[in-house]
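Structure record follows, encoded as structure tokens.
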Amino acid sequence: MHTRTLGNTGAGISEIGLGTWQLGSADWGTVDPADAQAILTRSVELGVNFIDTADVYGMGHSERAIGDFLKTTSAELHVATKLGRRHDEPHGWPQNFTLETMRAHTEDSLRHLGIDSLFLTQLHCIPTDELRRGEVFDHLRTLQSEGLIQHWGVSVETVEEGLLCLEQPGLASLQIIFNIFRQKLVDELLPVAQAKGVGLIARVPLASGLLAGKFNTATSFPETDHRHYNAEGQCFNIGETFAGVGLANGAALAEAVRDTFPDPGDHTMAQQALRWGLDHDAITTVIPGASRLDQAESNAAVSEMPELPVDTHTQLRALYDDRIHEKIVGAY
């Protein structure tokens, strides 16, 4: 497993990290606790040292699963979490963005994880107006000065939000939706972040599974799966679900992507799609999720894959310009 330095942290983190939204057992179906521990264990065995979670993934369930794992391992790991989207009383927007509430939420995450200081905490897709006001960044700096967090970043939905955050001194990382269906960022955000030395964490790298090439227009999901209840952006930003292209459009576009990839040899379509993200040197780490052991193993292997041919990147960009871009719903 190769590593890259995350922004101003000085930490070498694995090119392939582990996203753990699914370990919350709330929005992707249920993951058995024993399976969750096996996925974490195997990922770390294969060199993954960066694990991304959030306090709202199962309302602490994902964080607690990671905390249980941390008790069993001596590996040097970098765990990142997020805050700002809790809606439990007496919290919620706009109370989430006071220093007192951010401190309380940080302390909850520390308890869930069983650690004394967070490697990285990230604002979790909070309103753009809050980013413009800027007070939340001062609160993060305060939490950093108190030792509760070591570094801070922001998970964003749009290029506009990313550029706003890049003006903030001390920003370690941006977490972005980045995949073959979301290539606008290559021109508008990646160069700015790289010039400023800010790490980029690529989430939704398989467009909620579309870029694994196994879905079609007849594929259905349980009511509690966000690919069902947020299919049209009813509950949160539609970009988090199928990258905003929708299942029907996305299934057809995924076939076009498959046809563009070179002969895969021993590699799956999902691995090629993950490799596409890593081929951009501004990206520090790509964080696919895994709800099965074989997925964790397949994801980790991508770090050792050769880069995709330049011609493939050129053809995928042309596909984005000609067919994909017009299908994306919502601001990004």
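Considering (1) touching a Lys or Arg at 6+ places or on another chain (Cβ under 8 Å); (2) not in a helix (DSSP H, G or I), the lone condition that residue 232 does not fulfil carries the number (1). Number of residues in segment 180-234 that are of a type in the set (S, T, N, Q) and closer than 26 Å to residue 260 by Cβ: the value is 6.
Does segment 72-94 contain any residue that is assigned to a loop (DSSP other than H, G, I, E, B), among the polar types (S, T, N, Q) and closer than 23 Å to residue 24 by Cα? Yes, segment 72-94 contains a residue that is assigned to a loop (DSSP other than H, G, I, E, B), among the polar types (S, T, N, Q) and closer than 23 Å to residue 24 by Cα. Going by the structure shown, is residue 89 out of contact with any Gly (no Cβ under 8 Å at 6 or more places or on another chain), surrounded by fewer than 21 Cβ atoms within 10 Å (Cβ to Cβ), at pLDDT below 95 and among the charged types (D, E, K, R)? It is true that residue 89 is out of contact with any Gly (no Cβ under 8 Å at 6 or more places or on another chain), surrounded by fewer than 21 Cβ atoms within 10 Å (Cβ to Cβ), at pLDDT below 95 and among the charged types (D, E, K, R). Check segment 108-129 and report whether any residue there is within 22 Å of residue 175 (Cβ to Cβ), at pLDDT below 95, in a helix (DSSP H, G or I) and charged (D, E, K, R). Yes, because at least one residue in segment 108-129 is within 22 Å of residue 175 (Cβ to Cβ), at pLDDT below 95, in a helix (DSSP H, G or I) and charged (D, E, K, R). Against the criterion of being modelled with pLDDT of 95 or more, closer than 27 Å to residue 49 by Cβ and in contact with a Lys or Arg (Cβ under 7 Å, 6 or more places away or on another chain), residue 168 does not qualify. When segment 196-207 is filtered for residues that are basic (Lys, Arg) and surrounded by 19 or more Cβ atoms within 10 Å (Cβ to Cβ), only 203 remains. Do you know which of the residues in segment 208-264 that are among the hydroxyl-bearing types (Ser, Thr, Tyr) and under 21 Å from the mean Cα position of the chain (by Cα) is surrounded by the fewest Cβ atoms within 10 Å (Cβ to Cβ)? Within segment 208-264, the match that is surrounded by the fewest Cβ atoms within 10 Å (Cβ to Cβ) is 224. Residues that are in contact (Cβ under 8 Å) with a residue 40 or more places away in the chain and within 14 Å of residue 302 (Cβ to Cβ) within segment 255-285 comprise 261, 268, 269, 270, 273, 274, 276, 277, 278, 280, 283, 285, listed in sequence order.
For (1) within 26 Å of residue 129 (Cα to Cα); (2) of a type in the set (A, V, I, L, M), each residue gets a yes or a no:
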residue	(1), (2)
167	yes, no
196	yes, no
211	no, yes
231	yes, yes
240	yes, no
268	no, no
271	no, no
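Mind listing whichever residues of segment 166-196 are touching a residue at least 40 places away in the same chain (Cβ under 8 Å) and over 22 Å from residue 317 (Cβ atoms)? Answer for segment 166-196, where residues must be touching a residue at least 40 places away in the same chain (Cβ under 8 Å) and over 22 Å from residue 317 (Cβ atoms): 170, 171, 172, 173, 175. When you look at residue 155, is it buried (at least 23 other Cβ atoms within 10 Å of the Cβ) and under 30 Å from residue 46 (Cβ atoms), yes or no? It is true that residue 155 is buried (at least 23 other Cβ atoms within 10 Å of the Cβ) and under 30 Å from residue 46 (Cβ atoms). Might you check whether a residue that is part of a helix (DSSP H, G or I) and crowded, with 23+ Cβ neighbours inside 10 Å occurs anywhere in segment 173-185? Yes. Across segment 131-159, the number of residues qualifying as over 20 Å from residue 52 (Cβ atoms) and within 18 Å of the chain's Cα centre (by Cα) comes to 1.
Scanning segment 48-60 for any residue that is touching a residue at least 12 places away in the same chain (Cβ under 8 Å) and of a type in the set (Ser, Thr, Tyr) turns up at least one such residue.
The requirement of being surrounded by 14 or more Cβ atoms within 10 Å (Cβ to Cβ) and either in contact with a Leu (Cβ under 7 Å, 6 or more places away or on another chain) or among the small types (Gly, Ala, Ser) (or both) is satisfied by residue 164. If only residues of segment 265-294 that are in a loop (DSSP other than H, G, I, E, B) and polar (S, T, N, Q) are counted, the one that is surrounded by the fewest Cβ atoms within 10 Å (Cβ to Cβ) is 268.
The requirement of being farther than 22 Å from residue 64 by Cβ, without any contact (Cβ under 8 Å) to a residue 40 or more places away in the chain and of a type in the set (S, T, N, Q) is fulfilled nowhere in segment 151-165; no residue meets it. On the given criteria, is residue 297 among the charged types (D, E, K, R), assigned to a helix (DSSP H, G or I) and touching a residue at least 60 places away in the same chain (Cβ under 8 Å)? Here the answer is yes, as residue 297 does meet what is asked.
The values are calculated or read from the model by the stated rules, or taken from the named source; none is laboratory data. A quick note: this is a predicted structure, and the numbers were derived from the prediction, not measured. In this analysis, Cβ positions are derived from the backbone assuming ideal geometry, glycine residues included, and neighbour counts consider all displayed protein chains.
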